[in-house]
Amino acid sequence: MTAEDLDAVVTLDRICFGRLWSLETYQRELDSPYCDLLGLFSTLSSEKLLAMGCFWSILEEAHVTILAVNPQYHHQGLGQAILYFLLKSAYDRGLERATLEVRVSNSPAISLYQKFGFKRAGKRPNYYQDNGEDALILWLSGMQQPQFQTTLAQWYTMICDRLSFFQE
């Protein structure tokens with residue numbers, strides 16, 4: 001993403017999270033060499049930014065901080081696509097594992113993360129400030145193992161097949 005995309009990023013944040021981060025926070029993420037802020041864009045939609053994701057590179061870990069899909073495009077494979085690109089970027093950086101927190105009630109997100117190999121590592125009680133909900137801590141390890149490159153290729157094929165309807 002670029003600075004020109006930040007208005008769309010803040011709009012998607014507001015739609016998905018009720019304004020979790022400010023424009024200034026996203027600008028800091030964009031400027032940081034330890035952060036990847038990625039977006040999926042469409043020229044065919046009135047909503048230019050369809051999905052976004054962010055992770056922080058901390059030592060050997062990718063800490064996924066944001067994964068958002070415009071609700072108009074849920075259940076169309078965009079969550080899979082943005083998660084794939086986050087993990088591919090983390091792999092390309094040489095990171096060994098990925099972690100994230102997810103609401104215990106967010107079954108679709110948990111299912112997505114498990115599909116990509118994330119395992120439950122614990123729980124953070126009262127993690128979410130808006131309602132005191134707990135968060136599950138999920139981990140994915142082995143990202144620099146030889147078989148992970150094969151896994152990435154399989155995910156890429158799965159995502160391309162799923163998103164082929166966007167090209168029609």
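Is it the case that the range 52-62 has a residue that's over 15 Å from the mean Cα position of the chain (by Cα), of a type in the set (A, V, I, L, M, F, W, C) and not in a loop (DSSP other than H, G, I, E, B)? It would help to see each step written out before you state the result.
Going residue by residue through the range 52-62, those that are over 15 Å from the mean Cα position of the chain (by Cα) are 58-60.
Those still in the list that are of a type in the set (A, V, I, L, M, F, W, C) too: 58-59.
After this cut, where a residue has to be not in a loop (DSSP other than H, G, I, E, B) as well, the list is 58.
Yes - at least one qualifying residue is present in the range 52-62.
If residue 66 satisfies all but one of (1) closer than 21 Å to residue 26 by Cβ; (2) β-branched (Val, Ile, Thr); (3) not in a strand (DSSP E or B), what's the number of the condition it fails?
(3)
Restricting the range 7-49 to residues that are open to solvent by 50 Å² or more (accessible area, probe 1.4 Å) and among the aliphatic types (A, V, I, L, M), which is farthest from the chain's Cα centre (by Cα)?
Within the range 7-49, the match that is farthest from the chain's Cα centre (by Cα) is 44.
Could you check, for the range 130-144, whether at least one of its residues is touching an Asp or Glu at 6+ places or on another chain (Cβ under 8 Å), closer than 19 Å to residue 18 by Cα and either among the aromatic types (Phe, Trp, Tyr) or crowded, with 17+ Cβ neighbours inside 10 Å (or both)?
Quick first cut of the range 130-144, residues touching an Asp or Glu at 6+ places or on another chain (Cβ under 8 Å) only: 135-138, 141-144.
After this cut, where a residue has to be closer than 19 Å to residue 18 by Cα as well, the list is 135.
Adding the requirement that they be either among the aromatic types (Phe, Trp, Tyr) or crowded, with 17+ Cβ neighbours inside 10 Å (or both) leaves 135.
Yes: one or more hits.
Given the options 59, 30, name the one that is closer than 16 Å to residue 7 by Cβ and among the aliphatic types (A, V, I, L, M).
Details: 59 fails: closer than 16 Å to residue 7 by Cβ.
Unique residue meeting the criteria: 30.
From the list 100, 59, exactly one residue is of a type in the set (A, V, I, L, M, F, W, C), out of contact with any Gly (no Cβ under 7 Å at 6 or more places or on another chain) and open to solvent by 80 Å² or more (accessible area, probe 1.4 Å). Which is it?
Answer to the check: 59.
Condition test on residue 83, is it at pLDDT 95 or above, over 24 Å from residue 145 (Cα atoms) and either open to solvent by less than 20 Å² (accessible area, probe 1.4 Å) or assigned to a strand (DSSP E or B) (or both)? Let's see the steps before the verdict.
Details: at pLDDT 95 or above: yes; over 24 Å from residue 145 (Cα atoms): no; either open to solvent by less than 20 Å² (accessible area, probe 1.4 Å) or assigned to a strand (DSSP E or B) (or both): yes.
No.
Only one of 99, 43 is within 21 Å of residue 10 (Cβ to Cβ), among the β-branched types (Val, Ile, Thr) and out of contact with any helix residue (DSSP H, G or I) (no Cβ under 7 Å at 6 or more places or on another chain). Can you tell me which?
Working: 99 fails: within 21 Å of residue 10 (Cβ to Cβ).
When all the criteria are applied, what remains is 43.
The values are calculated or read from the model by the stated rules, or taken from the named source; none is laboratory data. What you see is a predicted model, and the numbers here were worked out from it, not measured in a lab. Glycine also receives a Cβ, built like all others from the backbone with ideal geometry; neighbour counts cover every protein chain displayed. These area figures cover heavy atoms from the full protein model, side chains too; ligands, DNA and RNA do not enter into them. Shrake-Rupley method; radii C 1.70, N 1.55, O 1.52, S 1.80 Å.
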